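Let me begin by presenting the structure, written as structure tokens, before commenting on it.
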Amino acid sequence: MDEGRLIMVTGPVVDVEFQKGALPEILSALYITNPAIDDTEDNLVVEVAQHLGDNVVRCIAMDITDGLVRGMPVKNTGKQILMPAGDPTLGRVLNVVGRPVDGLGPVDAKEFLPIHRHAPSFVEQDTSVKVLETGVKVIDLLVPFPRGGKMGMFGGAGVGKTVVMMEMIHNIAMEHGGISVFAGVGERTREGNDLYLEMKESGVLPKAVLIYGQMTEPPGARARVALSALTAAEYYRDEKGQDVLLFIDNIFRFTQAGSEVSALLGRIPSAVGYQPTLGTDLGELQERITSTTKGSITSVQCVYVPADDLTDPAPATTFAHLDGTVVLSRALT
């Protein structure tokens with residue numbers, strides 16, 4: 001394992017210098033031991049984002065960088081961030097790098113998958129349409145959800161996106177009986193805790209994987225946690241041939257975190273301050289959420305609408321990827 005040296009820390013961005021010829025690839029995971037997190041080794045994962053020249057790489061941290069000092073050793077894993085996959089992850093709450101945060105001990109997984117993967121090819125995709133019953137009568141009547149499709153719930157702050165989604169998780173997961181994956185992306189920790197306790201109480205938890213990167217996390221974690229959850233869902237679709245439910249709350253926070261990361265890396269912002277790669281970032285995530293000849297991923301996503309403006313680039317870009325949309329109106333609340 002090649003070792004580098006920490007030469008700069010700027011908030012969630014760190015620069016690492018390597019020996020000549022030992023430079024890690026873009027998207028590689030590097031390990032640093034940060035005493036401010038806990039007393040375990042290699043507890044901070046950073047992802048290579050840029051090659052700056054002179055054998056220096058710029059990385060985005062997946063956890064706090066308080067406690068880091070220049071000169072610390074940095075290990076190059078030679079791999080991307082890997083998520084544990086399979087049955088040992090069921091009923092567990094994991095973070096962006098697949099480490100448990102539920103206090104129930106380590107995840108004894110045998111298989112690990114990289115979080116950055118290609119979308120299924122055209123010939124692998126299945127385009128047949130079947131209806132998925134949500135148990136919310138007004139939605140089933142007016143905007144029936146397609147099985148293996150992507151549905152978005154749009155709304156401003158406090159109109160009830162998370163409440164409706166939690167009702168759907170309860171109804172669909174109970175009825176569905178298959179595997180559910182929930183991605184908590186940049187939302188309130190309280191809501192994540194409520195969902196965990198509710199799933200535990202209703203008996204859905206043993207068939208669910210919860211992957212959280214909440215509001216308190218650095219932008220690197222919030223920008224990657226949706227990919228981590230999607231990787232867990234893809235395993236059950238591709239390797240087990242199952243129909244998987246993927247709930248994401250909130251897809252706007254994924255975009256927002258991408259914007260923060262982009263600014264930290266010094267990229268020139270685009271419209272309304274968003275990252276210039278907004279369409280690409282969202283496309284790389286959404287195109288992987290699809291049905292194939294092996295199995296399907298049905299996704300329900302909450303989309304926060306800043307200042308109730310549906311023409312904002314973040315919700316406007318998301319609209320194009322979805323099979324159906326539910327807009328929650330403030331006028332009705």
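The values are calculated or read from the model by the stated rules, or taken from the named source; none is laboratory data. Remember, it's a predicted structure, so these values are computed and weren't measured experimentally. Cβ sites come from the backbone with ideal geometry, for glycine too, and all protein chains shown count toward neighbours.
Summary of values
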{"quantity": "Output for region 168-194, where each listed residue is in a helix (DSSP H, G or I) and more than 17 Å from the chain's Cα centre (by Cα)", "calculated": "M168, I169, H170, N171, I172, A173, M174, E175, H176, R190, N193, D194"}
{"quantity": "Options G295, G220, G324: the member that is touching a Cys at 6+ places or on another chain (Cβ under 9 Å) and either under 26 Å from M8 (Cβ atoms) or surrounded by fewer than 23 Cβ atoms within 10 Å (Cβ to Cβ) (or both)", "calculated": "G220"}
{"quantity": "Filter result for V48 (touching a His at 6+ places or on another chain (Cβ under 9 Å), among the hydrophobic types (A, V, I, L, M, F, W, C), closer than 25 Å to R267 by Cα and not assigned by TED's automatic domain parsing to the domain that holds R222)", "calculated": "no"}
{"quantity": "Whichever residue in region 38-86 is in contact with a Cys (Cβ under 9 Å, 6 or more places away or on another chain) and of a type outside the set (S, T, N, Q) and, among such residues, is nearest to T231 (Cα to Cα)", "calculated": "E47"}
{"quantity": "In region 35-59, residue surrounded by the most Cβ atoms within 10 Å (Cβ to Cβ) [restricted to those that are within 27 Å of V101 (Cα to Cα) and modelled with pLDDT of 95 or more]", "calculated": "V46"}
{"quantity": "All positions within region 177-209 that are buried (at least 23 other Cβ atoms within 10 Å of the Cβ), closer than 22 Å to D87 by Cα and among the β-branched types (V, I, T)", "calculated": "I179, V181, V209"}
{"quantity": "The listed residue being more than 18 Å from the chain's Cα centre (by Cα), aliphatic (A, V, I, L, M) and surrounded by 15 or more Cβ atoms within 10 Å (Cβ to Cβ), out of L264, L245, L278", "calculated": "L264"}
{"quantity": "Residues of region 69-89 that turn out to be over 19 Å from G21 (Cα atoms) and surrounded by 22 or more Cβ atoms within 10 Å (Cβ to Cβ), as a count", "calculated": "5"}
{"quantity": "Residues within region 121-167 that are aliphatic (A, V, I, L, M), assigned to a helix (DSSP H, G or I) and over 20 Å from N250 (Cβ atoms), tallied", "calculated": "4"}
{"quantity": "Condition met for R147 (surrounded by fewer than 16 Cβ atoms within 10 Å (Cβ to Cβ) and of a type in the set (K, R))", "calculated": "no"}
{"quantity": "Number of positions in region 174-203 that are free of Cβ contacts under 8 Å to residues at least 60 places away in the same chain and of a type in the set (S, T, Y)", "calculated": "2"}
